[in-house]
Amino acid sequence: MVSNKNNKTKKSGSHDHNHPEPITYFKVAMALVALTALEVVVFYFEWLGYAIIPVMAILSIGKFGIVVMYYMHLKFDEKLLTYVFMSGLILAVVVIMWLMALFGWFN
Amino acid sequence: MSDETTTGIDNRKLLMWVFLGSDCMFFASLIGTYLIYKGTGNLDIGPVDVFDIPTTSVSTFVLLMSSMSMVFAYAYLVRNNINAFRIWMVSTIIMGATFLGFQVFEFSEFYFHYDLSPQTNLFGTTFYALTGTHGLHVTVGVVWLAIIFYSSLFRNSVSAETNLDLDLAALYWHFVDIVWIVIFAVVYLFGTFPGFPS
Amino acid sequence: MTSIPLKLPFKLNLSRPTNPTGVMDWITTIDHKKIGILYGVTAFIMFITGGIEALLIRTQLAGPELKIVAPDVYNQLFTMHATTMIFLGVMPLSAAFFNYIIPLQIGARDVAFPRLNAFSYWTFLFGALIMKSSWFLGGSPNAGWFGYAPITTTTFNPGNGIDFWIVGLQVLGIASLAASFNFIVTIINMRAPGLSFMRLPLFTWMTFITAILLVLAFPVITVALIELMLDRTFDFNFFNTKAGANPLLWQHLFWIFGHPEVYILILPAMGIVSEILPTFSKKPVFGYAAMVLAAAFIAFMGWLVWSHHMFTTGLGPIANSVFTITTMLIAVPTGVKMFNWLGTMWGGDIEFNTPVLFSVGFLSMFLIGGISGVMHSFSASDYQQQDTYFIVAHIHYVLFGGAIFAIFAGIYYWFPKFTGRMYDEKLGKQNFWLMFIGQNITFFPMHFVGMQGMPRRIFTYDSEMGWAFWNGVESFAAYVVAFGVLLFIINMIKSWISGPKADGDPWDGRTLEWSISSPPPVYNFLDVPKVESLDDFWHKKQKKNKSVKSKTNPKSIHLPQASYWPMLVSLGLAIAGYGIIYNLVVCGIGLAMVLVTVCAWSWEPVNEPDAH
């Protein structure tokens, strides 16, 4: 018969342990500051031309990912929450990209 | 009602994440509208004319730091250090309010100095709507945190056992922060990057 | 029996309702069964008002050059008819089933957030009242249920009607979102032990997928409505073509929401039919896993097809081809479901009572609507059919012959569970045949006049067009449908008051809701059931285990207590909504009320600590 994965992962009140120490939070903040500073520095590299888009995208996705994984502690939580959030996020990106393509944005 | 859930995840936490997934779609539509209208309509005044990247970098920095302050508040609450929790809460609220102050300053600068209103052109319309909606989200976050802070002072209803109450507000707060990360790059930096061939 | 006054930062002491009775009970209830009944009755009344609007439309079109309603009233009628049927009829009728049935099918005592559930009902009610009050406050919306901008901007539509539409839809959207968040969490987190996802009843599965679609689709329409509201109230330029706005933006945003919305309407109906057919064919559903996967695939593909509503707007051959292909692909999983329903009935010992008749009616009508849907999924062919009565025929086959037939089937099927009484089978069958014959004579000729070129949304037509005969027939048959619905109402009222008593399991049911008494006790299950397989209740009946008398004392079961706050938050939203239309100060007052009541709500414990 069908297996039942969800019922095996029974743990309750898991939101107060397995969180990192404040020092980790501080390191994460420093990484965010560094990435933001890098964004602003890269901004003045005019010679990058259109290459700025992937560079900036990588930096922003990096910041985004760090906040979601550490500050919003998805890295330490049940995977289901990641799936829930990512399905909304990915669908949003795909649909809006397609919409922009229909408006000739990438031509 | 039993407290055990089928998956072991607290109901409210799951609700919050479903909401955030849904909110992705909300902001994606707004950002999509902004991008679709970028460079169309009346171009007499646009991002290059009004944005001041150093100022906005500072306000972005403040919002990032408020996220750090938020996780500290949460970490101290979990460790039942209520006083440290209150200090970090105040600092988070002040930084959130500072970010809003920057936004008010920015809007009034654009409006009075550059004569850019939502009625001026499509850039004005989409810019004010997108950043204004984000600002409203920040305002809701500040009010939410302020109510929790008030509860901790006068209602004694905030403690390590009820840390989930704060965790939910914190998730919302960080989400508002990551939306700003996207807006900062897409609207501000791409909007004024001098290297794009014209 | 204690009631603790709520401590608020100012003087406002509303004691918590303890054991309220009468009207107060219904206002403060957070019991999912009572909320389900509230949802169902309210939505059915709205369905009737939408039906009256439809009859007025059909009466006006009964003959050429009739002047029964004025052209501008006609515009309001077709707009309100569609808006009512979609947002105030089919969606909340489905929500009524979600509310009543889902916790019972998953073996839960209530939904995950009972007060949020009450909030969603009250918000729906106020949204419906805002929308409908436009008839008495200077005119209803008149730009179609899709409200294409720029025709909905103040330049072309200066009256208040569109504002009512915008605000009404926003409030209804909040209601639907609140309900969907609730049901997603409920279905993930409140399942009985052993009830894994692949053992869920199909109706629960369809609800789950519908709720996911809804929380992802409604934010898009919310953004579009906010943009339109900013345009109308504060002169923004989103849809102002003079400022260079693109008139296609609204259409895209609307249909990115609008196509998933179509599946939000039909998936619950498919779920209802998937419950009824196995029960009365006395066979398990054919291809359970395929049914689930097909629905998931339909839901996913629903995001990639929206522009097939816009083939004639000049998107270009590449976009039109892509959307043609993605749209045609949806016919595959839909066909899988259709064959599975047939496979379920094949060789079954079928009992043709009213729910089965309506379900079979659903299959046949939905099939016809599906085939005409495939016809205009082909963009070249759609150029001929766009905006004609052919499309009207298609949507009524899938929404009336489809969704409404399934909802009627569901009401008959679960009527004994809702009320503890049996409906009148003879009246039910008469009701079915009148509606089935009436609907076919009403909507089938629309294919013909549509192919002859009769456009949608015209208030009358010339006698020389040659559309008069079929239009006359359609209008007559519309009254036959109305008469069928009247029999339904008589049946419901009569049976609810004086029908013969029904026991807990009148149909030899397969799912958990039939394992408890009818109507269910307030706590639903004395002991939370343990599930070992798909159709667990039916398998356990076959083993003929003598059910052990439960030793649980009903009084020891903690249930969440009634609350005023959900209704008051909704009231605040309604005040804010009217404020947007008339006066922004009132809007501020409404929002302040929302803030205060939300605080009071969050500070109110789910259960008072010393009230048992």
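Here are some notes:
- Residue that is nearest to the other protein chains (Cβ to nearest Cβ) [pool: residues in the range B:153-175 that are part of a loop (DSSP other than H, G, I, E, B) and free of Cβ contacts under 8 Å to residues at least 60 places away in the same chain]: B:157
- Residue in the range C:104-120 that is farthest from the chain's Cα centre (by Cα), counting only those that are facing chain B (nearest Cβ under 10 Å) and of a type in the set (D, E, K, R): C:109
- Hits in the range B:23-68 - residues which are of a type in the set (A, V, I, L, M), within 14 Å of chain C (Cβ to nearest Cβ) and touching a residue at least 12 places away in the same chain (Cβ under 8 Å): B:30, B:31, B:35, B:43, B:45
- Of the residues contained in the range C:395-411, one or more are found to be in contact (Cβ under 8 Å) with a residue 12 or more places away in the chain, over 30 Å from residue C:514 (Cβ atoms) and of a type outside the set (Phe, Trp, Tyr).
- Subset tally (residues that are out of contact with any Pro (no Cβ under 6 Å at 6 or more places or on another chain) and more than 19 Å from residue C:566 (Cα to Cα)) for the range C:99-121: 7
- Options C:188, C:226, C:266, C:272: the member that is more than 20 Å from residue B:24 (Cα to Cα), facing chain B (nearest Cβ under 10 Å), assigned to a helix (DSSP H, G or I) and hydrophobic (A, V, I, L, M, F, W, C): C:188
- Among residues of the range B:176-188, those that are over 19 Å from residue A:43 (Cα atoms) and at the interface with chain A (Cβ under 7 Å from one of its Cβ atoms), counted: 2
- Selection within the range B:129-152: residues that are at the interface with chain C (Cβ under 8 Å from one of its Cβ atoms) and without any contact (Cβ under 8 Å) to a residue 60 or more places away in the chain. The member of this set that is nearest to residue B:97 (Cα to Cα) is B:143.
- Tallying residues that are within 28 Å of residue A:53 (Cβ to Cβ) and of a type in the set (Lys, Arg) within the range B:32-91 yields 1.
- Any hit, the range C:520-535, residues being basic (Lys, Arg), part of a loop (DSSP other than H, G, I, E, B) and touching an Asp or Glu at 6+ places or on another chain (Cβ under 9 Å): yes
- Flag for residue C:518 being within 17 Å of residue C:415 (Cα to Cα), more than 14 Å from every other protein chain (Cβ to nearest Cβ) and crowded, with 16+ Cβ neighbours inside 10 Å: yes
Yes/no matrix, rows are residues, columns are (1) part of a helix (DSSP H, G or I); (2) facing chain B (nearest Cβ under 7 Å); (3) touching a residue at least 40 places away in the same chain (Cβ under 8 Å):
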residue	(1), (2), (3)
A:58	yes, no, no
A:62	yes, no, no
A:75	yes, no, no
A:81	yes, yes, no
A:96	yes, yes, no
A:99	yes, yes, no
A:105	no, yes, no
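- Only residues that are buried (at least 20 other Cβ atoms within 10 Å of the Cβ) and of a type in the set (Val, Ile, Thr) were counted across the range C:438-466, and they come to 2.
- Meeting the requirement of 1 or more residues that are modelled with pLDDT of 95 or more and more than 25 Å from the chain's Cα centre (by Cα), the helices (runs of 4 or more DSSP H) wholly within the range C:374-471 are C:425-451.
- Residues of the range A:39-56 classified as touching a residue at least 12 places away in the same chain (Cβ under 8 Å), more than 7 Å from chain B (Cβ to nearest Cβ) and closer than 15 Å to residue B:188 by Cβ, total: 1
- Filter result (facing chain A (nearest Cβ under 10 Å) and either more than 15 Å from residue B:145 (Cβ to Cβ) or in contact with a Lys or Arg (Cβ under 9 Å, 6 or more places away or on another chain) (or both)) within the range B:77-107: B:78, B:79, B:84
- Test: residue in the range C:473-490 that is of a type outside the set (D, E, K, R), over 27 Å from the mean Cα position of the chain (by Cα) and over 30 Å from residue C:164 (Cβ atoms): yes
- Single unsatisfied condition, residue B:47 versus (1) surrounded by fewer than 19 Cβ atoms within 10 Å (Cβ to Cβ); (2) closer than 30 Å to residue C:175 by Cα: (2)
- Within the range C:191-207, residues that are facing chain A (nearest Cβ under 8 Å) and on the phi > 0 side of the Ramachandran plot sit with their Cβ atoms under 9 Å from residues that are surrounded by 21 or more Cβ atoms within 10 Å (Cβ to Cβ) and among the hydrophobic types (A, V, I, L, M, F, W, C), at 6+ positions apart or across chains, in these pairs: C:194/C:531.
The values are calculated or read from the model by the stated rules, or taken from the named source; none is laboratory data. Because the structure is predicted, anything quoted here is derived from the model rather than measured. FYI the Cβ positions are ideal-geometry reconstructions off the backbone, even for glycines, and counts take in every protein chain you see.
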